[in-house]
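Shown next, in structure tokens, is the structure this report addresses.
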Amino acid sequence: MSALSLRGIHKSFSANQILKGVSLDAGENEFIALVGPSGCGKSTLLRILAGLESADGGEIVVGDRDLSPVPAADRNIAMVFQSYALYPHLTAAQNIAVPLVMRNLTRLQRLPLVGPLMPGQRKAIANIKREVRDMAASLKIDHLIDRKPGQMSGGQRQRVALGRAMVRRPAVFLMDEPLSNLDANLRVHARGEIVELHRRAGVPTIYVTHDQAEALSMADRVAVMIGGSLLQLASPQVIYDDPQHVEVAKFIGQPRINLFASQAAPDGTVAFGDIRLRSAEKLTPGTPVTIGIRPEFVAVNRNGQHGLPARIDRVEFLGSEIILYCRLDAIGETVIAKLSPAEGTGLAVGMSVRLEFAPDRLFVFAENGRRLPSFPMSADVALETANG
Amino acid sequence: MAEVIAIPSSFGKATTRSAAERHESRTGWLLSMPAIVLLFMFILVPVAAVILMSFTDYELGYTGFKWVGFDNYADLVTNRTFRRSLWNTTVYTAIVAPVSIFMALGLAMLIESEGIGRSFFRTAYFLPVASLLVAMATVWQYLFHPTIGPVNALLRLADIEGPNWLGASSYVLYGLSIIGVWQSVGFNLVLFLAGLTAIPRELYAAAHVDGARSAFDRFRLVTWPMLGPTTLFVTTISVINAVKVFETVKTLTEGGPNKASEVLLFTIYQEGFVYLRVGYASAMTVVFLIILVILMFLQYRIQDRQVHYT
């Protein structure tokens with residue numbers, strides 16, 4: 001049973017199609033990271049979910065209720081904005097209290113002068129104050145409670161924004177790049193905190209980011225959106241190890257995956273150096289395909305006979321790893337290899353090496369970007385097929 | 001200014017200032033000289049002259065003058081015309097400033113929420129500001145004419161007998177106020193529009209998500225507080241402009257009928273340029289200036305603390 005599901009969400013701005021039928025299910029307690037390059041529609045999707053934009057088509061179901069016609073104020077969906085969007089004239093405590101005041105007090109009780117005369121107002125306000133205090137304490141911002149946003153640091157503002165979103169115990173929690181305004185150190189620290197808050201709150205969370213490291217490290221499942229379509233929704237490991245689309249493979253992974261244009265051989269297999277791959281689907285000879293391999297599965301062979309000859313163009317030393325940019329002698333393509341420092345010692349620009357690729361780590365993508373399930377053939381089988 | 005630049009705080013006592021520091025300080029003064037000279041020539045000296053003249057009985061065309069101390073001011077207290085014009089100015093300001101501020105705010109929000117025609121409305125409402133009030137006064141005279149004027153013709157359609165807007169002593173201030181509002185709404189509106197566009201959209205999104213259901217809730221939560229600095233400025237400008245009302249009075253009513261539309265600036269003008277009693281007019285001007293300064297001071301003291309949030 002999913003706590004939140006989106007079905008076929010469409011959205012266009014004039015002639016520009018931003019969302020092309022996005023469907024997504026989030027379970028109770030699930031943390032989903034929505035990741036993609038800027039302009040892929042992830043923020044629009046989030047705003048539609050929050051009720052700040054209306055979709056052209058599709059359903060948003062929370063619990064058993066279709067929320068599409070419900071205005072944002074009545075959706076019980078909380079959102080943390082990229083800029084935090086704190087009210088600058090209110091103190092931290094007042095900011096956190098806003099959602100409670102709007103929900104728990106009637107329109108008359110909220111009015112200045114008249115409000116205090118309404119029955120029950122004092123009790124309701126006392127309750128709100130208590131909840132705000134508890135929330136501030138749990139976020140460890142009790143000492144900031146009387147400060148205005150202008151007098152707080154970025155990290156403190158972010159906590160107040162989180163407090164404001166969580167204080168009303170929403171049914172769904174949305175976050176729009178909440179860490180992008182923090183400096184690098186704080187960002188890594190805040191990742192852990194947000195995951196911890198999510199675990200405590202226990203509501204489905206959709207977290208939008210363009211930072212793949214955030215997505216992979218925080219989420220239960222990662223949704224990769226590119227060009228208005230949801231290309232893959234899977235656990236971080238599956239997204240990385242088993243991308244279903246060439247764009248997903250390209251977007252996730254640092255340094256980027258190596259991609260080579262190729263085509264199916266006369267026997268319907270795909271050849272890459274001395275490796276032959278057979279696709280589960282029969283490929284007609286000459287079909288263009290793309291072959292991909294992640295940099296860590298490229299091994300550098302210094303003086304052996306195996307592998308494709310290449311020349312080292314650039315060496316990047318990153319401490320725990322070494323990134324090698326090599327140019328293949330045969331086709332002139334650049335191949336990125338990721339090595340451990342031990343493997344990489346002594347390698348220098350201009351050296352000739354041979355590159356070996358892990359056969360079972362090669363991906364084959366069709367021309368439309370879809371992944372073609374494939375498996376390597378052992379050398380003799382390959383030879384046999386070629387002859388027969 | 002120059003002193004701030006010239007004195008580095010971390011170095012020893014001021015008595016041991018090096019030659020370089022003295023030189024820098026001299027350059028600083030030299031560079032600020034043009035501004036200082038202009039400030040004195042065009043602002044401080046004229047004000048001082050007016051204050052000095054207010055203690056004399058100087059009249060234009062006479063060669064000598066006598067110091068009369070506070071006689072002019074003592075006279076003002078008992079002068080019925082002056083007291084009348086003070087009261088009229090107060091009433092006029094009390095009508096024009098708030099009405100033009102809130103009308104401009106309302107219109108600005110309507111225009112802001114409407115995607116199309118924004119620049120058309122902005123221009124249309126700004127026209128009265130750009131037009132010459134003296135010229136437009138003729139049009140208003142026609143509009144307000146008790147028998148052939150369209151305003152009263154409209155009222156007659158609703159079976160209301162319109163008053164003689166500019167000719168009856170009990171209505172003339174209201175007639176002038178309407179023209180005053182007409183003239184200043186456009187200016188305030190443009191300022192409010194600028195203030196509205198500066199409000200981050202995300203704050204409204206946050207207000208929606210936080211449960212601000214009605215437009216009024218969002219206005220109270222976001223628009224009104226975020227417009228604080230703009231409102232402060234608009235209020236200041238509106239009050240000053242209302243207190244300075246002159247053209248309409250001079251061209252349409254000449255302070256009449258029966259001094260019912262005597263306002264401060266008009267009275268000063270009469271004393272100084274018609275009766276040529278410069279000393280007496282100067283005393284009025286000083287009172288006028290003091291009123292403005294007090295108003296501005298109060299406004300900034302009361303509002304400034306509440307509208308700047310950083």
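The values are calculated or read from the model by the stated rules, or taken from the named source; none is laboratory data. It should be emphasised that the depicted structure is a prediction, and the values quoted were computed from it without experimental measurement. Counting neighbours? That spans all protein chains shown, and the Cβs are built from the backbone with ideal geometry, glycine included.
Things worth noting here:
- Among all residues of segment B:137-147, there is at least one that is farther than 16 Å from B:Leu252 by Cβ and not aliphatic (A, V, I, L, M).
The rows are residues; the columns are (1) in the same structural domain as B:Ala242 (by TED's automatic domain parsing); (2) free of Cβ contacts under 8 Å to residues at least 60 places away in the same chain; (3) of a type in the set (S, T, N, Q).
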position: B:Glu59; (1), (2), (3): no, no, no
position: B:Tyr62; (1), (2), (3): no, yes, no
position: B:Trp87; (1), (2), (3): yes, yes, no
position: B:Val99; (1), (2), (3): yes, no, no
position: B:Phe102; (1), (2), (3): yes, yes, no
position: B:Ile111; (1), (2), (3): yes, no, no
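- Residue in segment B:185-198 that is more than 20 Å from B:Leu105 (Cβ to Cβ) and outside any helix (DSSP H, G or I) present: no
- Within segment A:156-194, the residues that satisfy the criterion of being buried (at least 17 other Cβ atoms within 10 Å of the Cβ), away from chain B (no Cβ under 14 Å) and either more than 16 Å from A:Tyr207 (Cβ to Cβ) or aromatic (Phe, Trp, Tyr) (or both) are A:Gln156, A:Arg159.
- Considering residues of segment B:193-213 that are over 25 Å from B:Ser119 (Cβ atoms) and aliphatic (A, V, I, L, M) only, the residue farthest from the other protein chains (Cβ to nearest Cβ): B:Ala207
- Restricting A:Arg191, A:Arg164, A:Arg168 to residues that are within 15 Å of the chain's Cα centre (by Cα) and basic (Lys, Arg) narrows the list to A:Arg191.
- Helices (runs of 4 or more DSSP H) within segment B:215-290 that include 2 or more residues touching a Gly at 6+ places or on another chain (Cβ under 8 Å) and within 14 Å of chain A (Cβ to nearest Cβ): B:228-243
- Selected residue (criterion: surrounded by the most Cβ atoms within 10 Å (Cβ to Cβ)) from residues of segment A:251-270 that are assigned to a strand (DSSP E or B) and among the aliphatic types (A, V, I, L, M): A:Val270
- Of residues in segment B:195-222 being among the hydroxyl-bearing types (Ser, Thr, Tyr) and within 30 Å of B:Phe126 (Cβ to Cβ), the one surrounded by the most Cβ atoms within 10 Å (Cβ to Cβ): B:Tyr204
Quick grid of which residues meet (1) touching a His at 6+ places or on another chain (Cβ under 7 Å); (2) surrounded by fewer than 21 Cβ atoms within 10 Å (Cβ to Cβ); (3) more than 15 Å from B:Val91 (Cα to Cα):
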{"site": "B:Met226", "(1), (2), (3)": "no, no, yes"}
{"site": "B:Pro229", "(1), (2), (3)": "yes, yes, yes"}
{"site": "B:Leu232", "(1), (2), (3)": "no, yes, yes"}
{"site": "B:Thr236", "(1), (2), (3)": "no, yes, yes"}
{"site": "B:Ile240", "(1), (2), (3)": "no, yes, no"}
{"site": "B:Phe246", "(1), (2), (3)": "no, yes, no"}
{"site": "B:Thr253", "(1), (2), (3)": "no, no, yes"}
{"site": "B:Ala260", "(1), (2), (3)": "no, yes, no"}
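- Some residue of segment B:17-37 being under 26 Å from the mean Cα position of the chain (by Cα), assigned to a loop (DSSP other than H, G, I, E, B) and modelled with pLDDT of 85 or more: no
- With respect to the conditions (1) touching an Asp or Glu at 6+ places or on another chain (Cβ under 7 Å); (2) modelled with pLDDT of 85 or more, B:Ile178 falls short on a single one, namely (1).
- Among the residues of segment B:108-140, the ones that are buried (at least 16 other Cβ atoms within 10 Å of the Cβ) and farther than 21 Å from B:Leu189 by Cα come to 2 in all.
- Exactly one residue out of A:Leu216, A:Leu197 is part of a helix (DSSP H, G or I), more than 14 Å from chain B (Cβ to nearest Cβ), more than 23 Å from B:Val209 (Cα to Cα) and within 28 Å of the chain's Cα centre (by Cα): that is A:Leu216.
- Enumeration of residues in segment A:1-17 that are farther than 25 Å from A:Asn76 by Cα and in a loop (DSSP other than H, G, I, E, B): A:Ser14, A:Ala15
- Single residue of segment A:136-153 satisfying the filter (within 14 Å of another protein chain (Cβ to nearest Cβ) and in a helix (DSSP H, G or I)) that is surrounded by the fewest Cβ atoms within 10 Å (Cβ to Cβ): A:Gly150
- Test for A:Arg311: is it at pLDDT 85 or above, out of contact with any Asp or Glu (no Cβ under 9 Å at 6 or more places or on another chain), assigned to a strand (DSSP E or B) and more than 30 Å from A:Gln244 (Cβ to Cβ): no
- Test: residue in segment A:271-289 that is among the small types (Gly, Ala, Ser), surrounded by fewer than 12 Cβ atoms within 10 Å (Cβ to Cβ) and more than 27 Å from the chain's Cα centre (by Cα): yes
- When each of B:Phe187, B:Phe192 is tested for being assigned by TED's automatic domain parsing to the domain that holds B:Leu265, more than 21 Å from A:Val80 (Cα to Cα) and crowded, with 21+ Cβ neighbours inside 10 Å, the lone residue that passes is B:Phe192.
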